[in-house]
1. Return a yes/no flag: does the range 203-213 have any residue that is farther than 27 Å from LYS61 by Cβ and either of a type in the set (A, V, I, L, M) or at pLDDT 85 or above (or both).
2. Could you go through the range 12-27 and let me know if any residue there is at pLDDT below 90, more than 16 Å from ligand 1 (Cβ to nearest atom) and among the hydroxyl-bearing types (Ser, Thr, Tyr).
3. Conditions: (1) at pLDDT below 90; (2) on the phi > 0 side of the Ramachandran plot. ARG180 meets all but one. Number of the miss?
4. Of THR160, THR196, THR156, which residue is closer than 20 Å to LYS42 by Cα, surrounded by fewer than 18 Cβ atoms within 10 Å (Cβ to Cβ) and not hydrophobic (A, V, I, L, M, F, W, C)?
5. So is SER113 of a type in the set (S, T, N, Q), surrounded by fewer than 21 Cβ atoms within 10 Å (Cβ to Cβ) and without any contact (Cβ under 8 Å) to a residue 40 or more places away in the chain or not?
6. Identify the single condition in (1) surrounded by 18 or more Cβ atoms within 10 Å (Cβ to Cβ); (2) part of a loop (DSSP other than H, G, I, E, B); (3) among the hydroxyl-bearing types (Ser, Thr, Tyr) that TYR218 does not satisfy, given that it satisfies every other one.
7. Return the residues of the range 28-59 that are within 16 Å of ligand 1 (Cβ to nearest atom), among the aromatic types (Phe, Trp, Tyr) and within 30 Å of VAL201 (Cβ to Cβ); say none if nothing qualifies.
Amino acid sequence: MTFEINMRCISCKKQAEIKITQAFCSECFLRHYQRRVEKMIKKFKLIHKNDKVLVAVSGGKDSFSCADVLWQLGFDISVLHIDVGVKQCTSPRTKRVVEKFCKERKIPFYFTSFEEFFEIDDINKFFKVAKRPICATCGMLKRALFNKLARENGFTKIATGHCADDIVKYFFKSMLAGDRDSILWLSKLKPLTPSTHKKIVTRIRPLFEMLEVENLAYTKFRNITVAGCVMCSYFQRKDKWTEILREIDKFIPDWKIKIARTLEKIDIQLREKRKQKEGLKECAICGEITNQEICAICNIKRKI
Ligand SMILES: [Zn+2]
Ligand SMILES: [Zn+2]
């Protein structure tokens with residue numbers, strides 16, 4: 001992303017303020033951004049008139065962009081922010097920033113923590129007993145929490161801020177993993193993941209074709225204060241993929257959007273669907289959906 005001073009906005013011919021793929025002034029950039037998300041929602045029928053949407057907001061630029069643009073487009077949304085109990089990821093400041101964002105827009109705000117929601121005495125112990133990478137355990141708990149809270153409060157869709165950068169990163173990682181199951185896992189990375197069981201709420205990713213840098217510019221031009229995880233934020237995320245992908249950006253600025261679009265068209269759901277049909281059960285302890293007798297969360301809780 002460059003902040004251009006010597007170019008004209010391609011839309012209104014005023015002084016351009018930003019160039020990611022095309023040069024725009026801030027006003028035209030925001031309009032263009034919103035229009036692209038709106039097109040995405042229509043094309044994939046992500047939100048219907050009567051839908052109640054719960055947007056998961058971490059406090060970072062992606063989830064804030066998602067919530068703000070859905071709000072601007074006039075959808076019926078609420079925001080959920082979770083204290084994940086990992087020091088690097090949440091802080092009282094993040095909560096205040098998200099709460100303020102909601103108050104300014106009169107968006108209903110939900111807040112909970114893993115410990116409170118799942119009745120776990122010590123979340124750090126839970127992470128330790130889980131014996132997987134923290135991010136994997138955190139992701140599992142988040143998905144379960146979003147789903148249960150959304151269902152119990154009458155929401156019909158769960159929206160997350162996943163963008164083209166996430167999709168492309170997952171894509172490369174699964175390609176390198178070398179097994180078929182990790183490719184099948186990509187079937188979950190679509191703009192829309194429809195419900196497969198009455199207890200599962202449909203998930204949508206309205207920013208599927210947006211770039212991280214575009215989300216960053218969006219929050220900047222909309223004057224949205226961004227907080228959230230210092231491990232995951234754009235500038236501090238130091239994993240090698242960020243570096244590798246940025247090299248390609250220099251040559252083809254919109255290549256991630258193109259890959260996301262291509263992936264969207266590939267149907268890799270066949271085996272996954274069969275597996276789901278065979279295996280969906282309700283956990284004997286908590287009643288949530290699992291393919292075992294007892295779900296992974298209850299299983300870890302039993303071991304503590
Ligand atoms: Zn303009
Ligand atoms: Zn369970």
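The values are calculated or read from the model by the stated rules, or taken from the named source; none is laboratory data. Everything numeric in this text was worked out from a predicted model, so none of it was measured. Note: ideal-geometry Cβ built from the backbone for every residue, glycine included; neighbour counts use all protein chains shown.
1. Within the range 203-213, the subset farther than 27 Å from LYS61 by Cβ is none.
The answer is no, given that none of the residues of the range 203-213 is farther than 27 Å from LYS61 by Cβ and either of a type in the set (A, V, I, L, M) or at pLDDT 85 or above (or both).
2. Taking every residue of the range 12-27 in turn, none turns out to be at pLDDT below 90, more than 16 Å from ligand 1 (Cβ to nearest atom) and among the hydroxyl-bearing types (Ser, Thr, Tyr).
3. (2)
4. Details: THR160 fails: surrounded by fewer than 18 Cβ atoms within 10 Å (Cβ to Cβ); THR196 fails: closer than 20 Å to LYS42 by Cα.
The match here is THR156.
5. yes
6. Single failed check for TYR218: (2).
7. Residues of the range 28-59 that are within 16 Å of ligand 1 (Cβ to nearest atom), as a first pass: 28-36.
Pick out the ones that are also among the aromatic types (Phe, Trp, Tyr) and you get 29, 33.
Answer for the range 28-59, where residues must be within 16 Å of ligand 1 (Cβ to nearest atom), among the aromatic types (Phe, Trp, Tyr) and within 30 Å of VAL201 (Cβ to Cβ): just TYR33.
Residues checked against (1) surrounded by 15 or more Cβ atoms within 10 Å (Cβ to Cβ); (2) more than 16 Å from ligand 2 (Cβ to nearest atom); (3) touching a residue at least 60 places away in the same chain (Cβ under 8 Å); (4) farther than 24 Å from LEU145 by Cα:
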position: LYS14; (1), (2), (3), (4): no, yes, no, yes
position: ILE20; (1), (2), (3), (4): yes, yes, yes, yes
position: PHE24; (1), (2), (3), (4): yes, yes, no, yes
position: GLU38; (1), (2), (3), (4): yes, yes, no, yes
position: VAL53; (1), (2), (3), (4): yes, yes, yes, no
position: SER58; (1), (2), (3), (4): yes, yes, yes, no
position: ASP62; (1), (2), (3), (4): yes, yes, yes, no
position: SER65; (1), (2), (3), (4): yes, yes, yes, no
position: VAL79; (1), (2), (3), (4): yes, yes, no, no
